[in-house]
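Every number here is computed from the coordinates shown, using simple stated rules; none is lab data. Not measured: the values here are computed from a predicted model. Note that each Cβ is placed from the backbone with ideal geometry, even for glycine, and that neighbours are counted across all protein chains shown.
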């Protein structure tokens, strides 16, 4: 199962049966990082590998499709990088 970053507001997540997510992918050597993607270090996420948050693939899914929690993004710089990528993709 692909790791995802839940980006919808927690109070909304509590009220609905769906969440908005950004898929993550492992960062491979030489892989270009696009402006609509955010680099997330393994240290920042708690995941085993450095990752890219792919804001260009943002979507809403049923909570029942989520697996176990694999990490948490607490570093403010990483959270801001995700915000910037999402704002750019959505042209907000």
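Relative to the longest principal axis of the C-alpha atoms of the chain, give the angle of the C-alpha long axis of helix 76-90, reported between 0 and 90° and rounded to the nearest 10°.
Once rounded, the angle reads 80 degrees.
For the chain, what does -39500 (n - 2.57) per DSSP helix run (n ≥ 4), summed and divided by total residues, give at 222 nm, in deg cm²/dmol to the nearest 500?
That calculation yields -7500 deg cm²/dmol at 222 nm.
Of the candidates 53, 15, 62, which one comes out as most mobile in a Gaussian network treatment of the chain with C-alpha springs shorter than 10 Å?
15
In what order do 40, 88 fall by count of nearby beta-carbon atoms within 10 Å, going from fewest to most?
88, 40
Please check: in the Gaussian network model of the chain (C-alpha springs, under 10 Å), which one of 52, 66, 16 has the largest mean-square fluctuation.
Taking springs between Cα atoms under 10 Å, the residue moving most is 16.
Compute the length gained on full extension between residue 49 and residue 11: take 0.36 nm times their separation in residues and subtract their Cα-Cα distance, giving the result in nm to one decimal.
Stretched fully, the residue 49-residue 11 segment lengthens by 10.7 nm.
Hey, fewest Cβ within 10 Å first, where do 91, 44, 50 land in order?
With the sparsest Cβ surroundings first, the list reads 91, 50, 44.
Which order results if 43, 68 are arranged by neighbouring Cβ count within 10 Å, fewest first?
Fewest-to-most ranking of 43, 68: 68, 43.
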